[in-house]
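One structure is given below, encoded as structure tokens.
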Amino acid sequence: MLHELEVLEAPQIADLASDARKVRVVAQVMRDESTQATAVEIRQMVGDVDDGVVSSILRTGASAAEVLQAVQWFRGGGGLEEEPGHAPHGAVKAVYEILQAEEPEEARESGQK
């Protein structure tokens, strides 16, 4: 049985490549939760931020898994922020607070990220 293949446009290909990078980052993070995150890993998870933000996150000593958790919490947390006892703590909280401090004031006031 033959299946038709969908022809992808450039933006769709870029989205797939971006998703593949994210999956590789998550897989890499899960392999070694005890090693401090590198600047490259931080940029892959956080996105385009200035060097000062990366340096601040590095100074927390957070692992890549902790940075990923802070980023997820910052971006919406998948519902965890609604549950009691699931507040970020330790290095995750420190990274989360760095991300919050870098959020533009207008976005904080309007409730957007």
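The values are calculated or read from the model by the stated rules, or taken from the named source; none is laboratory data. Fair warning: this is a prediction, and the values are worked out from it, not measured in the lab. Here the Cβ positions follow ideal geometry from the backbone for every residue, glycine too, while neighbour counts run over all protein chains shown.
Given the criteria among the β-branched types (Val, Ile, Thr), in a helix (DSSP H, G or I) and at pLDDT below 60, does ILE57 qualify?
Numbers: among the β-branched types (Val, Ile, Thr): yes; in a helix (DSSP H, G or I): yes; at pLDDT below 60: no.
Spelling it out, it is not the case that ILE57 is among the β-branched types (Val, Ile, Thr), in a helix (DSSP H, G or I) and at pLDDT below 60.
Within region 75-89, can one find any residue that is at pLDDT 80 or above, under 18 Å from ARG43 (Cβ atoms) and either in a helix (DSSP H, G or I) or among the basic types (Lys, Arg) (or both)?
So in region 75-89, the residues at pLDDT 80 or above come out as 75-76, 89.
Retained after the next criterion (residues that are under 18 Å from ARG43 (Cβ atoms)): 75.
This time we only want the ones that are either in a helix (DSSP H, G or I) or among the basic types (Lys, Arg) (or both), so: 75.
Yes, region 75-89 contains a residue that is at pLDDT 80 or above, under 18 Å from ARG43 (Cβ atoms) and either in a helix (DSSP H, G or I) or among the basic types (Lys, Arg) (or both).
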